[in-house]
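S.K.: Could you have a look at this structure, given as structure tokens, before my questions?
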Amino acid sequence: LTGVLDDCLCDIESIDDFNTFKIFPKIQKLQERDYFRYYKVNLKRPCPFWADDGHCSIKDCHVEPCPESKIPVGIKAGSSNKYSKAANNSKELEDCEQANKLGAVNSTLSNQSKEAFIDWARYDDSQDHFCELDDERSPDAQYVDLLLNPERYTGYKGPSAWRVWNSIYEENCFKPRSVYRPLNPLAPSRGESFYTWLEGLCLEKRVFYKLISGLHASINLHLCANYLLEENWGKPRWGPNVKEFTRRFDPIETKGEGPRRLKNLYFLYLIELRALSKVAPYFERSVVDLYTGNGHEDAESKALLLDIFRDTKSFHMHFDEKSMFAGDKKGAKSLKEEFRLHFKNISRIMDCVGCDKCRLWGKLQTQGLGTALKILFSEKEIQSLPENSPSKGFQLTRQEIVALVNAFGRLSTSIRELQNFKVLLQQTR
């Protein structure tokens, strides 16, 4: 995969170098910090579009929560302001880890971490979102430690997974009325004519399709790179699966689709990179803390985040979002609203994913992209932020910040994994 991407003046090699040497090491470090590793999610929301067709019963899919007695009191307290200091002893923690089987969502938390959750909530403020947000006060919402629940292959596939992606492409991507099915890149009956009309769409609608396709490619890459290779005596070995990667991305096996999907991944990376460079002024203000209650760690986290922003600003081939929604004011406003509603619908479809591990990461990455879009459409509001007081015009909740950083971290990882697969493929030839 080489050369210049469509719809922007950026080449793949420049992104590879920039990501490998500047972004990837720093974003990995940032994701390990307390502020960014805990994400609150409701994995029990019912699918709003079709009758539940049963959850994935594979052990790598499901959530195996800790027994009620083992869940830290701070989590059970919900939105209460009082956090008990009652500590879980090490035996209970061992039992808890034992209960969390391979691939299950592990929601155990350290006492130090749970103290800060209510303070984080005070920083949050609801806005006009691109995503359907989980109600954090719901008794079904739980904090998940993302480091204990890596995104990887779970075996979730078949009609349920197909239906989710099909619904995302067919009902939410824009297309002219003259075009019937299919938009789904996995559908067999799609020829070159598909790309002829895609190029005929206006830039905004073309961009929307590429963002969804790029997200799909990125998720597939994570699954190929973190695949269950073997399981001996209950000890799993995870790693890159070249055969699976080839099946999903090889030009011959995918009839030319694979490279297009990967190009869309790079395009999505550029969009989220642009959003990070645009939102920097929001975080540069002294009034914004990445608050966990640990002053030293908070200062280090903010310094690292600002360092990443400096890198994003130094990138010299950014996507120019000014070319989007640049028509007459009324038309641009209605197209932006259409964009927002389509994307919001996609975030609701994530509640139809039958595998809890996949649902967790699907919701997080969708929310991250939704937050990036919100940033790109709020440039004026960000530029006019007051230095020493919270903003009424533009605000990010902690959930949005965590999703934005982790979603971009996933894209950075995808591009890094792509380099690894290139090396592995050369070795197998």
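S.K.: From the list SER378, SER414, SER384, exactly one residue is free of Cβ contacts under 8 Å to residues at least 60 places away in the same chain and either among the basic types (Lys, Arg) or open to solvent by less than 70 Å² (accessible area, probe 1.4 Å) (or both). Which is it?
M.R.: The unique qualifying residue is SER378.
S.K.: Still on this structure, I have one more. Here is a check on your reading of the model: is SER314 farther than 30 Å from LEU201 by Cβ, of a type in the set (S, T, N, Q) and open to solvent by less than 10 Å² (accessible area, probe 1.4 Å)?
M.R.: No; evaluated as a whole, the condition is false for this residue.
S.K.: Could we say that ALA372 is open to solvent by less than 10 Å² (accessible area, probe 1.4 Å), within 16 Å of LYS40 (Cβ to Cβ) and within 11 Å of the chain's Cα centre (by Cα) here?
M.R.: So ALA372 fails the test.
S.K.: Still on this structure, please answer the following. Among helices (runs of 4 or more DSSP H) lying entirely in the stretch 231-349, which contain 3 or more residues that are modelled with pLDDT of 90 or more?
M.R.: Output list reads 242-249, 257-284, 295-314.
S.K.: Also, quick follow-up: Out of all the residues in the stretch 221-256, which are open to solvent by less than 50 Å² (accessible area, probe 1.4 Å) and aliphatic (A, V, I, L, M)?
M.R.: LEU221, LEU223, ALA225, LEU228, VAL242
S.K.: For LEU396, work out the one condition from (1) open to solvent by less than 20 Å² (accessible area, probe 1.4 Å); (2) assigned to a helix (DSSP H, G or I); (3) not polar (S, T, N, Q) it doesn't fulfil.
M.R.: The number of the failed condition is (2).
S.K.: Any residue at all in the stretch 257-280 that's open to solvent by 10 Å² or more (accessible area, probe 1.4 Å), farther than 27 Å from CYS10 by Cα and touching a residue at least 12 places away in the same chain (Cβ under 8 Å)?
M.R.: For the stretch 257-280, residues open to solvent by 10 Å² or more (accessible area, probe 1.4 Å), farther than 27 Å from CYS10 by Cα and touching a residue at least 12 places away in the same chain (Cβ under 8 Å): absent.
S.K.: Identify, by number, the condition in (1) closer than 22 Å to HIS318 by Cα; (2) open to solvent by 50 Å² or more (accessible area, probe 1.4 Å); (3) in contact with an Asp or Glu (Cβ under 7 Å, 6 or more places away or on another chain) that ARG348 doesn't meet.
M.R.: Failed condition: (1).
The values are calculated or read from the model by the stated rules, or taken from the named source; none is laboratory data. This one's a predicted model, so the numbers in the text were calculated from it and none came from an experiment. Because the Cβ atoms are built from the backbone with ideal geometry, glycine has one as well, and the counts that use them run over all protein chains shown. Surface accessibility is based on the protein's heavy atoms, side chains included, excluding ligands, DNA and RNA. Shrake-Rupley method; radii C 1.70, N 1.55, O 1.52, S 1.80 Å.
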